[in-house]
């Protein structure tokens, strides 16, 4: 099996594993699958879960595409070669309850025809109401996973996430961050290509246990005012994804499968002109949407 | 009075006139005003109307700013000069009823320190359900206004609007279009600078009567399923504004006043994975969200 094939196979298995884990966690809804084929080469398995006990709307998508890079992408990558192979798993979950965070994960592998390759990925958490102790648990898990591979991964990738998941026009982070990394190869990581794949899979396997412990408040009765706040925070999530997210931009520019790309958007979102926080939990959340917080 | 001053004065009056007209049309809510000052020079008057009888959320904004252009904007304009003056009125109205269209208008004047100047603007209509006869009325009014200045304005600017107000990733127009123009000066228009200002004001004065005749269904009882459709169409409006709209991008990049820029977003919006039209009115609307339709 070529390296490409083993990346593809193991990411397909990762998707299966995460979907099963999330169905167990949800307890009511199951994923439905849409298989799609890309005209230029490859395709994917989009899996959507809706109207669950825990998850209102979410997707766990796998894709493996290849062919010729559009020039706009080739140039933005500074590539001299336009044969490519790209494979990844992307997840966004919007829970029903405002007391459970939104979560996102993406792991990906990219290769050019000349043999250049890199891994990229990230997980980040977007609580509607920030809770320091839950944020700390999340970061501890990510640090634990990273530390098994390189001691500098967690601090580097945590800072990268703070910078990446940032709504610049509002000067606020999307949530409490997590880890983000890109263009990771043997040279930059001091890990072999196989070890980098192991790291990728380890990040992926952190997803279900990390999210499970974030859902402890899922059954708390919901105050109507908190639902409105949730919709407003979802509005910020929409702003980030449509204005800044590189994966979304890449997908829209390369005419990827739109419904798979925009599965990241919430069931509903709100905007109120010049909204000001109405209570201490809303104010507290706004104060914690900052870069550089040491959550651990 | 310098030309800049008379543009500024007449656009302030236009804002006043439109706000009065819309308050009369709404019959319940009044605009509230936020005056703001831009650090680099100038400022604006943001006027917001909410929870009206007709209008759920809308803004009629005036701004007149000057100073030094950020390099990113200077380069994207191909300008060699970075002293600038920009003045405009921007409107977006989201009505309560799904049977009344969303409407947008922007008119603007831009000048560089070396005397280069241009006018730009547009009005477009986004019905949640497209009605051919209402779309035709709208376009007739715009044609009538344009024809008073140049016979080729309407056909040129109508096509420009079809191209501009287009969600490329979905291959659908935002609505039934209208007119859009940019970088209009004496040379490109065969009109004098004063006549171009007159054209700008004539476009602005078309706004209230044109919208008034679009609101004839405002009191129709609302079917719940149509409310959901309205939220989905508002989702597409959000996609256009955050992904493509140049005014929004310019505002976010130059750190304009965020709340004034994002007043264009609706009170609420929805996304459903792979939504398919459920009835003939939804299907009919999707079939009419195409470029090149001769509405007149």
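The values are calculated or read from the model by the stated rules, or taken from the named source; none is laboratory data. Not measured: the values here are computed from a predicted model. Note: ideal-geometry Cβ built from the backbone for every residue, glycine included; neighbour counts use all protein chains shown.
Residues that are within 21 Å of residue B:101 (Cβ to Cβ) and surrounded by fewer than 16 Cβ atoms within 10 Å (Cβ to Cβ) within region B:191-216 comprise B:205, B:209, B:212, B:213, B:216, listed in sequence order. Within region A:141-188, being part of a helix (DSSP H, G or I), within 18 Å of the chain's Cα centre (by Cα) and under 25 Å from residue A:233 (Cβ atoms) holds for A:141, A:142, A:157, A:158, A:159, A:160, A:161, A:162, A:163, A:164. Of all residues in region B:123-140, those that are surrounded by 19 or more Cβ atoms within 10 Å (Cβ to Cβ) and not in a strand (DSSP E or B) total 9. Among the residues making up region B:58-77, those that are away from chain A (no Cβ under 14 Å) and closer than 30 Å to residue B:212 by Cβ are B:62, B:63, B:64. Please specify each residue of region B:64-108 satisfying the condition of being in a strand (DSSP E or B) and surrounded by fewer than 16 Cβ atoms within 10 Å (Cβ to Cβ). B:67, B:68, B:83 - these are the residues of region B:64-108 that are in a strand (DSSP E or B) and surrounded by fewer than 16 Cβ atoms within 10 Å (Cβ to Cβ). Filtering region B:64-87 to residues that are touching a helix residue (DSSP H, G or I) at 6+ places or on another chain (Cβ under 7 Å) and within 17 Å of residue B:7 (Cα to Cα) leaves B:64, B:85, B:87. Within region B:283-290, can one find any residue that is part of a loop (DSSP other than H, G, I, E, B) and surrounded by fewer than 17 Cβ atoms within 10 Å (Cβ to Cβ)? Yes: one or more hits. A single entry from B:233, B:246 fulfils the requirement of being surrounded by fewer than 16 Cβ atoms within 10 Å (Cβ to Cβ), under 20 Å from the mean Cα position of the chain (by Cα), more than 13 Å from chain A (Cβ to nearest Cβ) and closer than 26 Å to residue B:169 by Cα: B:246.
Among the residues of region B:271-282, count how many are closer than 18 Å to residue A:259 by Cα, away from chain A (no Cβ under 14 Å) and either part of a helix (DSSP H, G or I) or free of Cβ contacts under 8 Å to residues at least 12 places away in the same chain (or both).
Going through region B:271-282 one residue at a time, the tally reaches 1.
Within region B:21-51, which residues are closer than 17 Å to residue B:85 by Cα and free of Cβ contacts under 8 Å to residues at least 60 places away in the same chain? Of everything in region B:21-51, those that are closer than 17 Å to residue B:85 by Cα and free of Cβ contacts under 8 Å to residues at least 60 places away in the same chain turn out to be B:37, B:39, B:40, B:41, B:42, B:43, B:45.
For region A:231-251, does any single residue satisfy the condition of being out of contact with any helix residue (DSSP H, G or I) (no Cβ under 7 Å at 6 or more places or on another chain) and farther than 23 Å from residue A:164 by Cβ? Looking through region A:231-251, at least one residue is out of contact with any helix residue (DSSP H, G or I) (no Cβ under 7 Å at 6 or more places or on another chain) and farther than 23 Å from residue A:164 by Cβ. Output the residues belonging to region B:16-57 that are under 13 Å from residue B:260 (Cβ atoms), under 17 Å from the mean Cα position of the chain (by Cα) and within 12 Å of chain A (Cβ to nearest Cβ). Answer for region B:16-57, where residues must be under 13 Å from residue B:260 (Cβ atoms), under 17 Å from the mean Cα position of the chain (by Cα) and within 12 Å of chain A (Cβ to nearest Cβ): B:46, B:47, B:48.
On the stretch given as region B:166-190, residues that are surrounded by fewer than 19 Cβ atoms within 10 Å (Cβ to Cβ) and away from chain A (no Cβ under 14 Å) total 7.
Residue A:227 meets the conditions (1) more than 15 Å from the chain's Cα centre (by Cα); (2) within 22 Å of residue B:234 (Cα to Cα); (3) surrounded by 19 or more Cβ atoms within 10 Å (Cβ to Cβ) in every case but one. The failed one is (3). Taken across region A:251-264, residues that are within 11 Å of chain B (Cβ to nearest Cβ), modelled with pLDDT of 95 or more, farther than 28 Å from residue A:37 by Cβ and buried (at least 21 other Cβ atoms within 10 Å of the Cβ) do not occur at all.
Residues in region B:113-136 that are farther than 25 Å from residue B:241 by Cβ and touching a helix residue (DSSP H, G or I) at 6+ places or on another chain (Cβ under 8 Å): B:117, B:132.
Within region A:137-151, being under 16 Å from residue A:189 (Cβ atoms) and out of contact with any helix residue (DSSP H, G or I) (no Cβ under 9 Å at 6 or more places or on another chain) holds for one residue alone: A:151.
Give the residue, chosen from B:54, B:20, that is out of contact with any helix residue (DSSP H, G or I) (no Cβ under 6 Å at 6 or more places or on another chain), modelled with pLDDT of 95 or more and within 22 Å of residue A:273 (Cα to Cα). Sole residue among the options that is out of contact with any helix residue (DSSP H, G or I) (no Cβ under 6 Å at 6 or more places or on another chain), modelled with pLDDT of 95 or more and within 22 Å of residue A:273 (Cα to Cα): B:20. Could you tell me whether residue B:270 is at pLDDT below 95 and more than 15 Å from the chain's Cα centre (by Cα)? No; evaluated as a whole, the condition is false for this residue. Filtered by the rule that a residue be buried (at least 20 other Cβ atoms within 10 Å of the Cβ) and under 14 Å from the mean Cα position of the chain (by Cα), region A:109-122 gives A:121, A:122.
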